[in-house]
Amino acid sequence: MQRKIIFPILTVFLLLWYCTPEASAQKKEVKILPEKVVSKFQAGALPLTDPTSGVWLNLPASTVKLIPQDVQEPKLAAPSIGSIKVRSINNGSWIAFHIEWEDATEDFNLRADRYSDGVSVEFPLNPKQPPDHRMGSEKEPIHLLLWKAYQQKAKEGTSFLALNYPNRWSDYSPYELPGHSVSPAHAAEIKGLLPAVALGNPIVPGTAPVVEEINAETWNKVTIQEDQDAKGKGTWKDGRWYVVIARPVITPDPQDAPLDGGSSYVAFACWDGAKANQGPRKMVTEGWLSLEIGK
Amino acid sequence: MSHEVFNWQINRKMTYWYPEHRPGRQFAGVFDINKCIACQTCSLACKTTWTSGKGQELMFWNNVETKPWGGYPTAWDVNILSRLGPQKWGADEYEGATVFEAAPKGERVLQYQPEDGDWCNVNLGEDECSGIIEKGTHLKLPHAVWFFYLQRICNHCTYPACLAACPRGAIYKRPEDGVVLIDQKNCHGHRECMKACPYKRVFFNVVTGTSEKCIACYPSLESGKCNRCFETCIGKIRLQGWISTPEKAREDNPVDFLVHIRKVALPLYPQFGTEPNVYYIPPKQADPVFLRQMFGPGVDKAIATYKNAKNDPELLGLLLLQGSSDRVIERFRVKDGTAIGYTAKGAEIVRVPLKEPLHVRPYKDVALDVFRHNVT
């Protein structure tokens, strides 16, 4: 009789605990979707910096559905980009993903109230035991290739200071007198005025690569890799983004997800700057998609 | 994640993203609003020390704004208060919701995003008084119209909303002094901190792509010296020190004395729930309803105590010690008409008389055979 009472009470208690925020933070959700992305083998050079090349657009595309990130606060309250088209090719040395999506505005500006468009491709570091596809799990990192429109613009020479405040006026540094070269000692002092630059923060616009290689092991354990090998480029045209993200298939870097086995998993995330998508406020795939790498 | 923590400023438990973890000691400041003339020496001292780099053009980690109309960024207080909505103070505790408890589903903190232009008008509303001065108006008490200056730096809150909101864990509170810092090496520029801080004390740098904020001049702090904005205040309105929780308050600790013993200095918008560590001696002549919203229900008593300072030698002495040294006064005592400031180890820093000695000279200077213009 006693067991009959205790068991349902215990079940209810466990169910209630499972719904608490503490429990949800510890939950690891691994979802493998039935869809797959096939990377077709194609010998020779790949058009890694030309997202509108016919090579891409003539490939068969997989339409991948995205949903708002709703696991970790801050969550994405309103959906933005509903789906992306994904294409992939490899030449044995490089594997490239071509991602295309509809976006009415090209958002690349960097300002207190402006957010950038972006897209990322993610792989599990251990394909035999994939972690949570969104930002990895404790001790089970993911390898993330992040392309952001503002980083590309900065790399192409855009100054967000000049872009946003064309009529600004400020004192020039006494070390940067017009017509005089800056000595190395003074250059260090100027750098010291920008703590993020002085400390080598890898996201500083202009210094960051167009595609950043990142490892994530849960939401607040994010490290930007020492070795940045990825390439890519994005082009916005007639209300659509066309972005290529590429990485070497085989690398000696233990922080890179292994792809030499010919198969793995892949996931995607997308940010719409016009809707203030940034950081965890993003659209994500519902789970991992199988990745087949043609040889 | 949601944890239950105790906030003494609202005298109740509340929810916060992380568990309660108070630092070994907590940096704090007391600003006497009544003494401020808005000369902006503090703002410029901070500006030239910390934010003269590229991308920091619109940043004032310290600013002085005119209330009721001024605000930097524009209308920061109106924006967050209107989102929080009408809330209620009970007899002993705050009964309303804090910015953590009022957070919508999927958010860590109730927040809003200022527009870029809001950072462009640092002294908007300067010296604008609360209402129209009618023809024939003459000075009377209480004042028919009023304004006062509000000096603002980061509050280095015990429960910082910026720290709670950072999705990358790039903000931390130093265990040795409670100073809240953004790790410039690991900030990813998501700006969640900027949106979450109800006081809007986090700024975005378009050159580095990171968020930046007041660092409480921690290099000075570490050597027992006052912060730049405290040290350079020509009105001597600022007192820097360390605050204890109420049950550990010491009578000889200047900040404890003003906040916990005499209760003459109050936190700004304690209802937000962040337990800010900058305290204000409220202005004597402003609308009490406005002041109760800003500083909580203790404001009327605080003003009465402040007005009575002339009969309270300890309070008067401490108010005179305020701003009298560039070193942090950690202990004080008033004896034989003199207020003396000490370090925590008891070394004397400074002494000031409660009454300046008065010497009156004769009108006629006999030696020079002239009359003096000034005899005191």
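We did not get these values from a lab; they are worked out from the coordinates using the rules stated. From a predicted model like this one, the values you see are computed outputs, not experimental measurements. Cβ: placed from backbone, ideal geometry, glycine included. Neighbour counts: every protein chain shown.
So the values come out like this:
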item	result
Value at 222 nm in deg cm²/dmol, rounded to 500, when DSSP H runs of n ≥ 4 in chain A each add -39,500 (n - 2.57)	-4500 deg cm²/dmol
Separation between Cα centres of region B:134-210 and region A:111-182, rounded to whole Å	24
Average Cα contact separation per residue, region B:313-376, under 8 Å, 6 or more apart, as relative contact order %	25
Other-chain or far-sequence residues with amide H under 5 Å of B:ARG12's (modelled H)	B:ASN7
For chain B, convex hull volume per residue from C-alpha positions, Å³	181
Electrostatic dipole magnitude of chain B [Cβ: Lys, Arg +1; Asp, Glu -1; Cα centre; debye, to 20]	460
Shielding of B:182-195 by partner chains, average beta-carbon count, 10 Å	6
Whether region A:25-100 is rounded, prolate or oblate, judged on the alpha carbon gyration tensor where a/c under 1.5 counts as rounded	prolate
Ranked A:GLU35, A:GLU106, criterion: other C-beta atoms within 10 Å, fewest first	A:GLU35, A:GLU106
Cubic angstrom per residue, convex hull over Cα atoms of region B:152-205	80
Diffusion coefficient, µm² s⁻¹, Stokes-Einstein with Kirkwood Rh over alpha-carbon pairs of region B:313-376 at 4 °C and 1.567 mPa s	94
Under 5 Å, built H, 5+ apart or other chain: amide partners of B:VAL202	none
Proximal charge balance of B:ILE133 [Cβ under 14 Å; K/R count +1, D/E count -1]	-1
Net +/- balance of residues flanking B:ASN308 in space, Cβ distance below 14 Å, scoring K and R +1, D and E -1	+3
Restricting region B:264-371 to trypsin sites (Lys or Arg not before Pro) in coil, as DSSP defines it, with at most 16 other Cβ within 10 Å	B:LYS345, B:LYS355
Packing-based order for A:43-50, A:242-249, using average beta carbon neighbours within 10 Å, highest first	A:242-249, A:43-50
Sorted by Cβ density within 10 Å, fewest first, the residues B:ASP32, B:ASP127	B:ASP127, B:ASP32
Cα-projected label distance for B:TYR18 with B:VAL352, points at 7 Å along beta-carbon direction, nm	3.6
Local electrostatic count, B:ASN227, Cβ distance below 12 Å [Lys/Arg +1, Asp/Glu -1]	0
FRET efficiency, A:SER183 to A:ALA162 (Cβ-Cβ, R0 22 Å, nearest 0.05)	0.30
Among A:PHE41, B:PRO114, A:GLY92 the positive-end extreme of the charge dipole of the protein assembly as shown (Cβ point charges)	B:PRO114
P(r) of chain A over all Cα-Cα pairs, binned every 10 Å from zero, in whole percent	6, 24, 31, 20, 11, 6, 2, 1, 0, 0
Whole-number percent relative contact order across chain B, with pairs defined as alpha carbons under 8 Å at least 6 apart	19
Dipole magnitude of region B:313-376, debye to nearest 20 (Cβ charges: Lys/Arg +1, Asp/Glu -1, about Cα centre)	100
Under the Karplus curve 6.51 cos²θ - 1.76 cosθ + 1.60, θ = phi - 60°, whole-Hz ³J(HN,Hα) for region B:223-233, x wherever Gly or Pro sits	10, x, 9, 6, 5, 4, 5, 6, 5, 8, 5
Listed residues B:LEU319, B:GLY337, B:VAL370: farthest to the positive end of the dipole of region B:313-376 (Cβ charges)	B:GLY337
Dipole magnitude of region B:258-347 about its Cα centre (Cβ charges: Lys, Arg +1; Asp, Glu -1), debye to nearest 20	180
Compactness of the protein assembly as shown as Cα Rg over 2.2 N^0.38 Å, two decimals	1.14
Per DSSP, loop trypsin sites (Lys or Arg not before Pro) in region A:98-132 with at most 15 further Cβ within 10 Å	A:LYS128
Sequence-distant residues sharing a close amide H with B:GLN26 (under 5 Å, placed H)	B:ILE243
Calculated from backbone phi, Karplus (6.51, -1.76, 1.60) coupling profile of region B:59-65 in Hz, x at Gly/Pro	8, 10, 5, 10, 9, 10, 10
